[in-house]
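Some notes on the structure that comes next.
Taken together, the values in this text are just the output of simple stated rules run on the coordinates, not laboratory data. Just so it is clear, the model here is predicted, and its values are computed rather than measured. All Cβ positions, glycine included, derive from the backbone under ideal geometry; neighbour counts span all protein chains shown.
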Amino acid sequence: MMDPSTGESSAQNPSTGESSAQESSARARGDEARVSVEAWRARRQQQAVVWPDAAAARREISRLRGLPPLVFAGEIRRLKDRLAAVAAGEGFALIAGDCAESFSLLSADRIRDQLKIILQMSLVLTHGIGLPVVKIGRMAGQFAKPRSNAFEETADGPIPTFRGHLVNSEFADQESRTPDPRRLVRGYDFSASMLNLVRAFTSGGFADLTAVHAWNQDFVAESPAGARYESVANDIDRTMRFLRACGLGDAAALHHSDFYTAHEALVLDYESALTRMDSLTGSWYGCSAHLLWIGERTRQLDGAHIEYVRGIGNPIGIKISENCTAEELVALCETVDPMAEPGRLVVMTRMGAGKVRQALPPLMRALRSRGRTPVWMCDPMHGNTRSTAEGIKTRDFDDIVSETVDFIAIAREEGVHPGGVHLELTPENVTECTGGSWATSEDELSRNYQSLCDPRLNGNQGLDLAFVIAEHFRGEAG
């Protein structure tokens, strides 16, 4: 019998009812654990969404509670095992995807192209650093964004800030910007559709290593990064021919790929409604994504977001800037991961190219001195955002590279494993970040700027960065 919360089989002895008894026991434990899962409601909640129609919000949240989980507890546990290996120095994790996903961009072609870029980057990294890469899409749930200001000024007066399609619309009028709880269920529906297609692609042959050339999109293939990728793909072809000649070409790992999803656990009404108890273990899991992270703006130790994630069994990411002290980081780790469980915690640093050298070493030392080995991951995007003279938000590729390279070097110096990178990335040939092998200048930013919120790397720039990481990981960069 398949357990809908876990995606795993559970056997039942019809004569003894043993499985039913175990399930009852698990549910009893779960009822007790639910107290901690719901305790966030009594805490101060930063970035809270205020729904104007509270009754409508309750109805939509209730609908969400009755819908199936988007991901299964068994999948979440597999990701935790993979991340435990990364923390031990036996892998590398790549999180990549949109800054803010759009309800208007749900198409099979775009999902396929997003996977192409992530698979390409993973192949370059695996080939270059000699470690398995855990592939995690910042997708199928990244529909909400934290904002510095609750309102923005327009010619018609102040209106609520755009908070992502899970909350409101990007169009600058009062009606579009009013938080609408019906969007919570729409977000679920979009995520379910995306996950269905992602699973089909990654298990149905698209991720087969014999298809590496098909992952190269047209606009990327014509670039210097695309040419370098083709060279790697040719190496893979030769390796595959060798494996087939040795009778090893049918290994399952060569023909499909595990793929996981992640997003920021920002809108707690949504996350809580999709929290489910695993009937096999009695533990609670956030079933909106395999990995959830808490952002710099919502990581208050006594806040609602930390209270929520400490009650679920998912791998949890915590974003930290240069403003995080060693004492704060230690306290956050002890609160979210009191048992120091392997694969449970991902520390995501987002400090900026000019700040990481001074800010990061004491944090790594503080955790290492306490015997803690989280996955250390670099987010080189959010600390390097700036605005041009024309007011266009952008990021410079050189700054992104600088922070990433410094992160790898510092980790080596501090005796910890540089475990991954977290990127905002799109398959479209956008002009949002300057630089890269096909240099985009500030003058070109308006040519194809599509982001709903922050600037993203395009496919060329993503591949460029993957090659840079591989070179510095091996210590071969000049």
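For the peptides 175-185, 302-312, residues were scored by their other Cβ atoms within 10 Å and the scores averaged per peptide; the highest-first order is 302-312, 175-185.
When I410, I392 are sorted by how many other C-beta atoms sit within 10 angstrom of their C-beta, beginning with the fewest, the order is I392, I410. Of all DSSP-defined beta bridges confined to segment 317-402, some 25% are antiparallel rather than parallel. Taking the centroid of alpha carbons for each part, segment 374-435 and segment 291-338 are 21 Å apart. Only lysines eight or more places from K145 in sequence, or on another chain, were considered; those with a Cα closer than 21 Å are K319, K393.
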